[in-house]
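Read through the structure below, which is laid out as structure tokens, and then see the notes.
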Amino acid sequence: MTDRPWLAHYPAGVEHELVALPFSTLPELVARACGEYADQIAFTQCMPNGMNGSLTYAQVDELSSAFAAYLREELGLAHGARVAVQMPNCLAYPVVTFGVLKAGCVLVNTNPLYTAREMIHQFSDSGAEVLVIIDMFADRLPEVTKATGISRVVTVRIAEFFPPVIAGIIRLVQKWWNRSLPSIDVEHTPFTEAIRRGREAHSASADYLAGVGADSLAALQYTGGTTGVSKGAMLTHGNLVSNTLQMLQMLGGHIRAGQEVVLTALPLYHIFAFTVNLIGFFHMGARNILVPSPRPPSNLKRAFENYRITWTTGVNTLFNALLNERWFVESPPKHLVGSAAGGMALHQSVAERWREVTGTPIVEGYGLTETSPVLTFNPLGGLVKDGTIGIPVPSTDIRCLTESGTEAAVGEPGELVARGPQVMSGYWQRPDETAESIVDGWFRTGDIAERDADGYFTIVDRKKDMVLVSGFNVFPNEVEEHIAAMPGVLEVGVVGLPDEKTGESVRAYIVPIDPKPTAEQVIAHCRDGLAAYKVPKSVRFVDELPKSPIGKILRRELRAEAVTSATATIETQGRELS
Amino acid sequence: MIAAPLIIATQTVVNEQDVVTPFEQTLLVGLVFVIMFGLGAGLTPRDFRLAIRRPWGLVIGFVTQFGIMPLLAYLLVIGVLFQLPREYALPVAIGALLMGCVPAGTTSNIFTYFSKGNLALSVIMTTNSTLWAILMTPLMLALYGGLIFDADSELQIPVLNIVVTLATLLIPVVAGMILRKYSANIGAVMELLGGFFGLFFIVFLMATWVPRNWALLTSTPWQTYLVAIGLGLFGIAIAYGIARAIKLHPMNARTIGLETGIQNGPLAIAIVLLTFSGSPDIGLILIVPALYSLFIVIVSTVVTFWFRRANTAEEQKIPNLL
């Protein structure tokens, strides 16, 4: 079981095992970075029109300590109490999350676009006592606070910590032009007030971290999982610190301490940006450029113009969208060093085009919420294999298991299982599901993968997305990848639909661009490179594909849409286009 | 038909004080400075590189902006305006020619956005034509002015003054660019204010200038209205027609149409105020730029609605690439 053929492909100088952790909790990691880079800018929030605000490492440190004191002293929260945080990328986010962690409390990251129903489920399930929410979405509060144990609401403004005049203009525009500020009908504390009270209550001698160690819970990170019911992955301080260092160790010297400027376009409440951008780059003394919303992609134009971006993280959809923006392609970022892709399969065509346009490497990694998230990535400075998810990070074991539970041979597909210090301690208050997903210390990912002789893994597909056509397995990823390489295809999602003759049949949903292909052309293109049973039986052209908050194409929604009405088209979802 | 305007032209003694008060004058010039500053605050050296690398957008913008519009203004002047007595028509013609020769206005970007056109192309075309204006506007004025005015005529287009005015108005553009480099925040605020004042300018005109000059407006012959309205309307139609004829994407054709027809009205008015200050004819010179600025909003709105309707059937989705 200790066979790790991938170790031969670690770049020179990268230790095979994770080095001893220099600290056991996230607050220690934060404190070290704040001490070392005190006067450097830690976070800059960049609005679509270029308006911005910044915080230095020292400011983040002071403000988050004040917020921690507010939680513990003013609100009287106990160590281990859950605090829900619901906001897009903004300067308040790191202050709040670091504050929660410094208070010894547990962070419950929540998607700000959640409906009241989803919020109620997540807050009840986690037992959250305090909610820190962006004021733009506070209209759902009366319904939510009634149905949950939330006893205190703190409201945050999008332009928190901006220069006062700029913050005022943004607020005026929000209030009178966009009309995006609902009235808040529950008792709440403005964030600035919370910070003020925290400063008053703060005492240097208070130790909120007594009893908090590597095994203590740091975050409940909710994930749909395979069953569809959202459940909280219990990520400990040890999980998150280990994973941060595993990732950085494998990147070697490619992230230069104190020098990087990283574009954070993905939402920080999602585990990918949380660990990689928020914690990883903070640890390295980077300046994080926070973009509240990367959609439409032109929202990123000012960030690229005004800052010397050296790193960016993203998902296939984001990279693809940027490559379809004229301003980006014709004037790519000059200082870019590298890009990291995750969250969903990075299409080979997108990866190649990204390298060609930016002249810098892009590496694809893989991980899940339950694994903090990074399990594998392509080694920068080593052998990069496009289309693969690369090799496991230090101190991580990965195997592919066949249906019978034995290890799959090289090139044979099997369920990917993983073991390492980044694997969660279980699902919050769900012992049955925990027992199902973690077997003998191995976490079952639900992804089908295969390993090559070098130890590189390739995700074939999600187990549940597999389409069974006349008894043959069709993996939507493969069909999508093939169609995406066609001219005139901006995005594609492939799903299986019930079919009387073949059990299931393949359908492709395509967002076309000029020159628009016809359904016949798409099918002809597929016949020309895929086995007959993999060729889509039907093709639908749509304005937009349903996507998760980070831009992952949601096949289950495509499937639901297709199944509920046989003649369904999802053109109504094209509202965000233009 | 000819007799009536003759009476008007001779009877209406229009002077500077009546048409634009010193307060309005200061305010208008100030506004134009803010608008130009806002334009500059939205620009980076990157935009210029882009424009040079993608020359066809530049070429088309250049040809329509400084080819079609001045020619159209000239044709309207000799075909329509010169039906009127020369002592009235000549000063009005200066305003009309100037209106045809100024660069594109920033409001074109707003209408392009609403007509689902190509915003990036619109911004680049506005920028290009504004920068070229320092050379091309005086050149075109000299060319067509030379055709209209005899060398020994009393009324002349002060080309050199116009060059100086244009150069002066480019200062805030450059200042905006520089400032934006040092503070993205101030740049963004100026950009916002510039766009806001662009609209405010027209509202201001309607609210104060129109009622006060009601007598002048009602006594203005239809030929002048035709020139002021036709310049925008025909400009959009001709440029759109050409763009479609050479098989450009409808989205780009819409953009080029609006971009061509929508001129920088506030700039034209500012140029008149700054170069013809003290001239007894300033009221008549101003009339086409003022009427144009008023009616272009209506014309563009109607065209935008038509574009939206006519083109939805043609295309389902607008790609971001040119």
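The values are calculated or read from the model by the stated rules, or taken from the named source; none is laboratory data. Fair warning: this is a prediction, and the values are worked out from it, not measured in the lab. With ideal geometry, Cβ positions are generated from the backbone for all residues, glycine too; neighbour counts draw on all protein chains shown.
Looking at A:PRO421 and the list (1) touching a strand residue (DSSP E or B) at 6+ places or on another chain (Cβ under 6 Å); (2) surrounded by fewer than 23 Cβ atoms within 10 Å (Cβ to Cβ); (3) not hydrophobic (A, V, I, L, M, F, W, C), which single condition is not satisfied?
(1)
It is to be established whether one or more residues within region B:135-143 are in a helix (DSSP H, G or I) and not aliphatic (A, V, I, L, M).
Yes: region B:135-143 contains one or more residues that are in a helix (DSSP H, G or I) and not aliphatic (A, V, I, L, M).
Filter region A:252-270 down to residues that are within 30 Å of A:ALA12 (Cβ to Cβ) and among the aliphatic types (A, V, I, L, M), then give me how many there are.
The qualifying residues number 5.
Considering (1) part of a helix (DSSP H, G or I); (2) within 14 Å of another protein chain (Cβ to nearest Cβ), say which one A:ALA351 fails and leave the rest.
So the condition that A:ALA351 fails would be (2).
Condition check: more than 18 Å from A:ILE150 (Cα to Cα), in contact with a strand residue (DSSP E or B) (Cβ under 7 Å, 6 or more places away or on another chain) and small (Gly, Ala, Ser). Does A:ALA92 satisfy that?
yes
Can you find even one residue in region B:175-186 that is more than 14 Å from chain A (Cβ to nearest Cβ) and either of a type in the set (Gly, Ala, Ser) or buried (at least 19 other Cβ atoms within 10 Å of the Cβ) (or both)?
Checked against the condition, which is being more than 14 Å from chain A (Cβ to nearest Cβ) and either of a type in the set (Gly, Ala, Ser) or buried (at least 19 other Cβ atoms within 10 Å of the Cβ) (or both), region B:175-186 yields at least one hit.
Name, by its number, the condition in (1) surrounded by fewer than 17 Cβ atoms within 10 Å (Cβ to Cβ); (2) in contact (Cβ under 8 Å) with a residue 12 or more places away in the chain; (3) within 25 Å of the chain's Cα centre (by Cα); (4) farther than 24 Å from A:ASN316 by Cβ that does not hold for A:GLU436.
(2)
I need every pair where a residue in region B:132-149 that is over 10 Å from B:LEU166 (Cα atoms) has its Cβ under 7 Å from the Cβ of a residue that is small (Gly, Ala, Ser), sequence separation at least 6 or different chains.
Note: pairs meeting the criteria are B:ILE148/B:ALA93.
Go through (1) closer than 28 Å to A:GLY80 by Cβ; (2) touching a Lys or Arg at 6+ places or on another chain (Cβ under 7 Å); (3) without any contact (Cβ under 8 Å) to a residue 40 or more places away in the chain and name the single condition A:PRO431 misses.
Evaluating A:PRO431 over (1) closer than 28 Å to A:GLY80 by Cβ; (2) touching a Lys or Arg at 6+ places or on another chain (Cβ under 7 Å); (3) without any contact (Cβ under 8 Å) to a residue 40 or more places away in the chain leaves (2) as the failure.
Among the residues that make up region A:63-80, is at least one of them surrounded by fewer than 24 Cβ atoms within 10 Å (Cβ to Cβ) and under 19 Å from A:ASN239 (Cβ atoms)?
Looking through region A:63-80, at least one residue is surrounded by fewer than 24 Cβ atoms within 10 Å (Cβ to Cβ) and under 19 Å from A:ASN239 (Cβ atoms).
Those residues that are hydrophobic (A, V, I, L, M, F, W, C) and either surrounded by fewer than 16 Cβ atoms within 10 Å (Cβ to Cβ) or more than 14 Å from chain B (Cβ to nearest Cβ) (or both), I need them from region A:28-54; list them, please.
A:LEU29, A:VAL30, A:ALA31, A:ALA33, A:CYS34, A:ALA38, A:ALA42, A:PHE43
Could you grab me the full set of residues in region B:219-241 that are closer than 18 Å to B:THR304 by Cα and either surrounded by fewer than 24 Cβ atoms within 10 Å (Cβ to Cβ) or not aliphatic (A, V, I, L, M) (or both)?
B:ILE229, B:GLY230, B:GLY232, B:LEU233, B:PHE234, B:GLY235, B:ALA237, B:ILE238, B:TYR240, B:GLY241
Given the options B:ALA253, B:ALA239, name the one that is in contact with a Lys or Arg (Cβ under 6 Å, 6 or more places away or on another chain), at pLDDT 85 or above and closer than 30 Å to A:ILE513 by Cβ.
Checking each option against the conditions leaves just B:ALA253.
May I ask you to verify whether A:PHE123 is away from chain B (no Cβ under 14 Å) and at pLDDT 95 or above? Before the answer, list the steps.
Numbers: away from chain B (no Cβ under 14 Å): yes; at pLDDT 95 or above: yes.
In short, yes.
If you go through region B:258-275 one residue at a time, do you hit one that is in contact (Cβ under 8 Å) with a residue 24 or more places away in the chain and in a strand (DSSP E or B)? Reasoning before the result, please.
Just the residues of region B:258-275 that are in contact (Cβ under 8 Å) with a residue 24 or more places away in the chain, to begin with: B:258-275.
Okay, now just the ones that are also in a strand (DSSP E or B), so B:263.
Yes, the conditions are met somewhere in region B:258-275.
Return the only residue of A:ALA128, A:ALA103, A:ALA58 being surrounded by fewer than 20 Cβ atoms within 10 Å (Cβ to Cβ) and farther than 18 Å from A:PRO190 by Cα.
A:ALA58
Looking at this structure, is A:GLY149 small (Gly, Ala, Ser), away from chain B (no Cβ under 14 Å) and surrounded by fewer than 20 Cβ atoms within 10 Å (Cβ to Cβ)? Steps first, answer last, please.
Values: small (Gly, Ala, Ser): yes; away from chain B (no Cβ under 14 Å): yes; surrounded by fewer than 20 Cβ atoms within 10 Å (Cβ to Cβ): yes.
In short, yes.
For region A:158-190, which residues satisfy the criterion of being touching a helix residue (DSSP H, G or I) at 6+ places or on another chain (Cβ under 6 Å) and away from chain B (no Cβ under 14 Å)?
Matches in region A:158-190: A:GLU160, A:SER180, A:LEU181, A:PRO182, A:ILE184, A:ASP185, A:VAL186.
Among the strands (runs of 3 or more DSSP E) confined wholly to region A:467-560, which include 3 or more residues that are in contact with a Gly (Cβ under 6 Å, 6 or more places away or on another chain)?
Where strands (runs of 3 or more DSSP E) fall fully within region A:467-560 and carry at least 3 residues being in contact with a Gly (Cβ under 6 Å, 6 or more places away or on another chain), they are A:503-512.
Would you confirm whether any residue within region B:112-127 is part of a loop (DSSP other than H, G, I, E, B), within 14 Å of chain A (Cβ to nearest Cβ) and more than 19 Å from B:LEU233 (Cβ to Cβ)?
Checked region B:112-127: at least one residue is part of a loop (DSSP other than H, G, I, E, B), within 14 Å of chain A (Cβ to nearest Cβ) and more than 19 Å from B:LEU233 (Cβ to Cβ).
Which residues, taken from region A:294-340, are closer than 23 Å to A:GLY493 by Cα and either among the polar types (S, T, N, Q) or within 13 Å of chain B (Cβ to nearest Cβ) (or both)? Show your work before the answer.
Let us first name the residues in region A:294-340 that are closer than 23 Å to A:GLY493 by Cα, namely A:294-297, A:313-325, A:340.
Selection gives A:ARG295, A:PRO296, A:PRO297, A:THR313, A:ASN316, A:THR317, A:ASN320, A:ALA321, A:LEU322, A:LEU323, A:ASN324, A:GLU325.
Restricting attention to region A:508-555, which residues are surrounded by fewer than 16 Cβ atoms within 10 Å (Cβ to Cβ) and in contact with a helix residue (DSSP H, G or I) (Cβ under 8 Å, 6 or more places away or on another chain)?
Selection gives A:GLY529, A:SER538.
So B:ASN213 ticks every box in (1) under 19 Å from B:PHE276 (Cβ atoms); (2) under 19 Å from the mean Cα position of the chain (by Cα) but one. Which box is left unticked?
(2)
Do we have any residue at all in region B:83-106 that's modelled with pLDDT under 85, crowded, with 16+ Cβ neighbours inside 10 Å, part of a helix (DSSP H, G or I) and not hydrophobic (A, V, I, L, M, F, W, C)?
no
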